[in-house]
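Following: one structure in structure tokens, then a few remarks.
The values are calculated or read from the model by the stated rules, or taken from the named source; none is laboratory data. These figures come from a predicted structure and were not determined experimentally. Here Cβ is always computed from backbone atoms with ideal geometry, including for glycine, and neighbour counts include all displayed protein chains.
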Amino acid sequence: MMDEMQEQKSPVGNGKELPVRYDGKLKVLGKAKYAAEFAKEIEEQFKGKGMLYAYLVVSNIASGEIISMDTSAADHASGVVKILTPFNAPKLPMVAPQPPATRKLSLLQDRTVYYNGEPIGIVLAKSQVEAAHAASLIKVKYKVVPSKLNFDKRLGEARMPKGGNAPKAQKHGDEAAAWAKATTVVEHTYSTPLQTHNPMEPHATIAAWEADKLTVYDATQYISGDKQTLAKHFSLPLDSVHVIDPYVGGGFGSKGSTWSHVVLCALAAKVAGVPVKLVMERNQMFGPVGGRPKTVQTIKLGTDNTGKLVAIQHDVILPASVMEDFMEAAANQTTMLYQCDQISTSHKMVDMNIGVQTFQRAPGEAVGTAALESAMDELAIKLNMDPLQLRMLNYAEKDPGQQKEFSSKHLKDAYTQAAERFGWTKRNSTPGAMREGNKHIGYGMATATYPANRSAAMAVIRLQANGRMFIGSGTQDLGTGMYTMMAQTVMQELDVPWEMIDVKLGDSTLPKAPVSGGSQSTASVGPAVKEACNQLKLKLANMAAADPSSKLYGAMVNDIEVKGGMLVSKTDASKSEPLAASIARNKGAAIEETGSGEPSQEAQRALSTHSWGAVFAEVAVDDHTHMVEVRRVVATYDIGKLLNKKTGMSQLEGGIVWGIGTALTEETVLDNTTGRIVNNNLAEYHVPVNLDAGIIDVTVIDTPDTKFNPQGARGVGEIGITGVAGAIANAIFNATGKRVRDFPITPDKIM
Ligand code: MOS
């Protein structure tokens, strides 16, 4: 396999030759297999058992009770082996949701319907097509009860959030006194729509049982989360569940939680006594696996006569599934983005008969910055001040909400660099003043931000008998670059040529790593890999120093380094031996060490950790069609140290493309009568394509944040989407004089 991984090198990072993408060639050759593509491996492991295909049966009412499910026609349809419904499914223990990423599931344990599209059955057949056909023959009788829909008309019903994920309503200082000082005030309400993640790889699971041991291939951002959830539902010891997922075709938060279909697939495999494969159809991705809730955000900003903010209020109302609250904390960034002594935020929820919502790329900040950065633009206009100047004037040197120092913040440099590349000084601030033919041109800007997260992680490193270096961690690669990051860390720490490094991840038998969410994987797993390398180096040095036959006999362990495939004394280069000597010393067996990395709780308590960015957008708006063309997005980010240019930049750029979708096209349309999602397909759920993206010009400040982690790196997975929708909305105003506060900004709203 390794020779397939040979690929071009590019001279980036630390002056060393780093791999472009460890898994790049396998991806291009179609050899990096996703969860649904392991049928052959399952067949080999479970010889003679064959494989059944599962299809989810879903409800077609939004709220009520299932009276009966007539499966007689389906039972006799071609290829059908078994149909599970709430009337015959085995009972599962009711287990409490597991933090951080388990959602309330629909497991055929009762007959209540909470939303349209909810799993209410599973058909097992000899092929996927037969299973799907049989599902269409099932006749369901319901007792329909009035459903909670129509969010916009029920804002008055908003209540405080339940459960632990609710940010506390923040209030600082004497509110009335602060507002009394405000000489300029803007107050507006912004809204963002329900959105649905659409990774190219849909959710998919293969489950197989061998006595009381469960093997699962699953499209997931968290193999350990799957393992815990499955172990709990089937009352198994943790070690009896093996979750495998070496490659993930995108996740964006939708694969962060273990959803109903995973447990149902394992349940079906148990009942049938054969391996079962379940692949969700694209339309089933809209509902049972989460999405981003709609938000209605009212923002009030007050300044003194110099333009300094004296009071901020940001109140959010969002829908919650009747099954479980999920908080899209859209006001979070407002507590710390600009200096202000009086900041007040709140989040309230309206119950809805919709599927449980979940994390979607930059949950909170993606839509929170769309509103806040639009409001800042409106404030700048009212103050007759340049929008960039307004942000500089209100720059927060410390986190004003938590009253803490930032671990590192170079946002001013980001503003300056991006403004210069963009040519911000060429902007005419009068709306509609810049024209080209029948197009109005507009420039807009916004601030981007996302928290820097980090969790405990472990990694195992092994000098193998064949001389190759193995590095493993129970993390995931969503296409983000974990393979590459792990390989390059070993390469940098132990001077191993990257062709000699074998990386393994996405397997729950490897040492535990956190959910690949919250942009935390690199910041969490990187230090663990680094520490594993360090431990291995110490072990090899100790073994050599204690061996009278070694040239390094008696050397100080800390004086020995690994370099060029050798153990070498730093003080006396004549004292060295090849790594093969270590293997020989160990009687030909591999030498292994583990490393772990954990954020310092003291630092976490003392510091506020965030990434930052400045986003500038140029749009051209057609006079007649009102179509918006995003010509350029120029952005500079402060994300600490950029560990790998190729993979890091790719994430930032991808985030910006999604920001363009948030600004202009993306919306999951809920039918308020039936609770069905109208556009549950990629033809009608509009994501930007290449032609919609224009020029994307990204740079980074690249200053290490070593107070945050030893590599100085903060995550890059999510910040790219933030700020972009605000910058585009502001550019559209500059082009047309039309302020659209309801995202996405479709042409009809600009007319
Ligand atoms: Mo991300 S939305 O935390 O996978």
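Going through (1) at pLDDT 95 or above; (2) of a type outside the set (D, E); (3) outside any helix (DSSP H, G or I) one by one, Q711 falls short only on (1). Taking first residues from region 580-607 that are assigned to a helix (DSSP H, G or I) and partners that are surrounded by fewer than 13 Cβ atoms within 10 Å (Cβ to Cβ), the Cβ contacts under 8 Å between residues at least 6 apart in sequence or on separate chains come to I583/A589.
Criterion first (assigned to a loop (DSSP other than H, G, I, E, B) and either crowded, with 20+ Cβ neighbours inside 10 Å or modelled with pLDDT of 95 or more (or both)) does N734 satisfy it?
Considered against the rule, which asks whether it is assigned to a loop (DSSP other than H, G, I, E, B) and either crowded, with 20+ Cβ neighbours inside 10 Å or modelled with pLDDT of 95 or more (or both), N734 comes out as no.
Do we find that V716 is within 16 Å of the ligand (Cβ to nearest atom) and either among the hydroxyl-bearing types (S, T, Y) or not in a helix (DSSP H, G or I) (or both) in this structure? So V716 passes the test.
With the requirement that a residue be touching a helix residue (DSSP H, G or I) at 6+ places or on another chain (Cβ under 9 Å) and in a loop (DSSP other than H, G, I, E, B), what does region 418-453 give you? Once the filter is applied, which keeps residues that are touching a helix residue (DSSP H, G or I) at 6+ places or on another chain (Cβ under 9 Å) and in a loop (DSSP other than H, G, I, E, B), region 418-453 yields R427, N428, S429, T430, P431, G432, A433, M434, A452, N453.
Comparison of I441, I471 shows that the only residue that is over 30 Å from S582 (Cβ atoms) and either in contact (Cβ under 8 Å) with a residue 12 or more places away in the chain or buried (at least 24 other Cβ atoms within 10 Å of the Cβ) (or both) is I441.
For region 238-256, the set of residues classified as more than 17 Å from E41 (Cα to Cα), within 16 Å of the ligand (Cβ to nearest atom) and of a type outside the set (G, A, S) consists of V248, F252, K255, listed by residue number. Considering only region 120-130, I want to know if a residue exists there that is farther than 27 Å from A74 by Cα and part of a loop (DSSP other than H, G, I, E, B). No, every residue in region 120-130 fails to be farther than 27 Å from A74 by Cα and part of a loop (DSSP other than H, G, I, E, B). Has region 504-519 got any residue that is in contact with a Lys or Arg (Cβ under 8 Å, 6 or more places away or on another chain), of a type in the set (A, V, I, L, M, F, W, C) and surrounded by 24 or more Cβ atoms within 10 Å (Cβ to Cβ)? Taking every residue of region 504-519 in turn, none turns out to be in contact with a Lys or Arg (Cβ under 8 Å, 6 or more places away or on another chain), of a type in the set (A, V, I, L, M, F, W, C) and surrounded by 24 or more Cβ atoms within 10 Å (Cβ to Cβ). Among the residues of region 470-484, count how many are more than 17 Å from the chain's Cα centre (by Cα) and either assigned to a loop (DSSP other than H, G, I, E, B) or within 13 Å of the ligand (Cβ to nearest atom) (or both). Matching residues across region 470-484 total 1. Can you find, within region 201-241, the residue that is surrounded by the most Cβ atoms within 10 Å (Cβ to Cβ) among those that are closer than 19 Å to T475 by Cβ and among the β-branched types (V, I, T)? Across region 201-241, the extreme among qualifying residues is T220. A Cβ distance below 6 Å, combined with a sequence gap of six or more or placement on separate chains, defines the contacts here; from region 253-271, residues that are of a type in the set (D, E, K, R) reach residues that are within 16 Å of the ligand (Cβ to nearest atom) in the pairs K255/A219; K255/T220; K255/Q221.
Selection of first residues in region 339-364 that are more than 13 Å from G401 (Cβ to Cβ) and of a type in the set (A, V, I, L, M, F, W, C) and of second residues that are part of a strand (DSSP E or B) and within 16 Å of the ligand (Cβ to nearest atom), restricted to Cβ pairs under 7 Å at least 6 apart or on distinct chains, gives the following pairs, ordered by first then second residue: M349/L318; V356/G290; A362/Y450.
Any idea which of D702, D692 is within 23 Å of the chain's Cα centre (by Cα) and in a loop (DSSP other than H, G, I, E, B)?
Just a single option satisfies the conditions, and that option is D702.
Take the residues of region 303-331 that are away from the ligand (no atom under 16 Å from the Cβ) and of a type in the set (D, E, K, R): which is surrounded by the most Cβ atoms within 10 Å (Cβ to Cβ)?
Of everything passing the filter in region 303-331, D325 is surrounded by the most Cβ atoms within 10 Å (Cβ to Cβ).
Could you list, in sequence order, the residues of region 500-525 that are within 15 Å of the ligand (Cβ to nearest atom) and either in a loop (DSSP other than H, G, I, E, B) or in contact with a His (Cβ under 8 Å, 6 or more places away or on another chain) (or both)? Within region 500-525, A513, P514, V515, S516, G517, G518, S519, Q520 qualify. The single condition among (1) at pLDDT 90 or above; (2) in contact with a strand residue (DSSP E or B) (Cβ under 8 Å, 6 or more places away or on another chain) that E7 does not meet is (1). For region 95-118, the criterion of being at pLDDT below 95, among the basic types (K, R), closer than 19 Å to P293 by Cβ and surrounded by fewer than 22 Cβ atoms within 10 Å (Cβ to Cβ) is satisfied by at least one residue. Pairs linking a residue in region 642-658 that is at pLDDT 95 or above to a residue that is surrounded by fewer than 24 Cβ atoms within 10 Å (Cβ to Cβ) and part of a helix (DSSP H, G or I), with Cβ atoms under 7 Å and 6 or more positions apart or on different chains, are V657/A693.
When each of E531, E493 is tested for being in a helix (DSSP H, G or I) and either farther than 30 Å from Q228 by Cα or within 16 Å of the ligand (Cβ to nearest atom) (or both), the lone residue that passes is E493. When K575, K537 are screened for being in contact with a Leu (Cβ under 8 Å, 6 or more places away or on another chain) and buried (at least 20 other Cβ atoms within 10 Å of the Cβ), only K537 passes.
Could you check, for region 610-618, whether at least one of its residues is more than 27 Å from G526 (Cα to Cα), surrounded by 16 or more Cβ atoms within 10 Å (Cβ to Cβ), out of contact with any helix residue (DSSP H, G or I) (no Cβ under 6 Å at 6 or more places or on another chain) and modelled with pLDDT of 95 or more? Yes, that holds for at least one residue.
Let's see how each residue does on (1) more than 27 Å from the chain's Cα centre (by Cα); (2) away from the ligand (no atom under 16 Å from the Cβ); (3) of a type outside the set (S, T, N, Q):
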{"position": "M352", "(1), (2), (3)": "no, yes, yes"}
{"position": "Q357", "(1), (2), (3)": "no, no, no"}
{"position": "A362", "(1), (2), (3)": "no, no, yes"}
{"position": "A371", "(1), (2), (3)": "no, yes, yes"}
{"position": "K382", "(1), (2), (3)": "yes, yes, yes"}
{"position": "L388", "(1), (2), (3)": "yes, yes, yes"}
{"position": "L393", "(1), (2), (3)": "yes, yes, yes"}
{"position": "P400", "(1), (2), (3)": "no, yes, yes"}
{"position": "Q403", "(1), (2), (3)": "yes, yes, no"}
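Apart from one condition, I244 fits all of (1) surrounded by fewer than 24 Cβ atoms within 10 Å (Cβ to Cβ); (2) on the phi > 0 side of the Ramachandran plot; the exception is (2).
Looking at this structure, is P293 at pLDDT 95 or above, away from the ligand (no atom under 16 Å from the Cβ) and not acidic (D, E)?
Here the answer is no, as P293 does not meet what is asked.
Screening T334 on (1) free of Cβ contacts under 8 Å to residues at least 40 places away in the same chain; (2) in a strand (DSSP E or B); (3) surrounded by 24 or more Cβ atoms within 10 Å (Cβ to Cβ) shows it passes everything except condition (2).
Scanning region 540-553 for residues that are within 22 Å of the chain's Cα centre (by Cα), surrounded by fewer than 24 Cβ atoms within 10 Å (Cβ to Cβ) and of a type in the set (D, E, K, R) turns up nothing. Among the residues of region 707-728, at least one is closer than 13 Å to A448 by Cβ and more than 21 Å from the chain's Cα centre (by Cα).
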